[in-house]
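Values quoted throughout were computed directly from the atomic coordinates according to the rules given, and no laboratory measurement underlies them. Remember, it's a predicted structure, so these values are computed and weren't measured experimentally. Glycine gets a Cβ as well: all are built from the backbone with ideal geometry, and neighbour counts include every protein chain shown.
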Amino acid sequence: MVITVDSNITMCGRFVTPARVELPGESATVRDLFSKIGELCRSMELMRGDKLGEDVHTVIINGKETYLLDAKINDGDQVMVMAEITPFGGG
């Protein structure tokens, strides 16, 4: 199945959105998607245990907000990952 993923940021400079992400099977979860994205973007905390990671503010699937890693994703869905990265100190 293929999901279109977009974000309010370019994730780690390696995962440029919007992107088409292929996942096995006919349905998946946000957790499955984040596991796949996490392979390319290890510096972002997408998940923390059973919750969204510190760097993810909201996930929007086909226009509906979710905060659950077990939210279902189906072939052709559009997923927006709203990230919130804390800036490093300095200045």
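Things worth noting here:
- Mean residue ellipticity at 222 nm, helices only, the chain: -3500 deg cm²/dmol; runs of at least 4 DSSP H residues each add -39,500 (n - 2.57), and the sum is divided by the number of residues.
- For E26, neighbours were defined as the other residues whose beta-carbon sits under 15 Å from its Cβ, and their charges (Lys and Arg +1, Asp and Glu -1) total -3.
- Positive dipole terminus of segment 2-83, leading residue within A71, I61, S7 (C-beta point charges): S7
- Of the peptides 60-68, 37-45, 73-81, the ranking by mean beta-carbon count within 10 Å, highest at the top, reads 73-81, 37-45, 60-68.
- The C-alpha atoms of the chain define a longest principal axis, and helix 30-40 lies at about 50 degrees to it.
- Taking only the C-alpha atoms of segment 2-83, the Rg (one decimal) and the largest Cα-Cα distance, Dmax (whole number), read 11.2, 29 Å.
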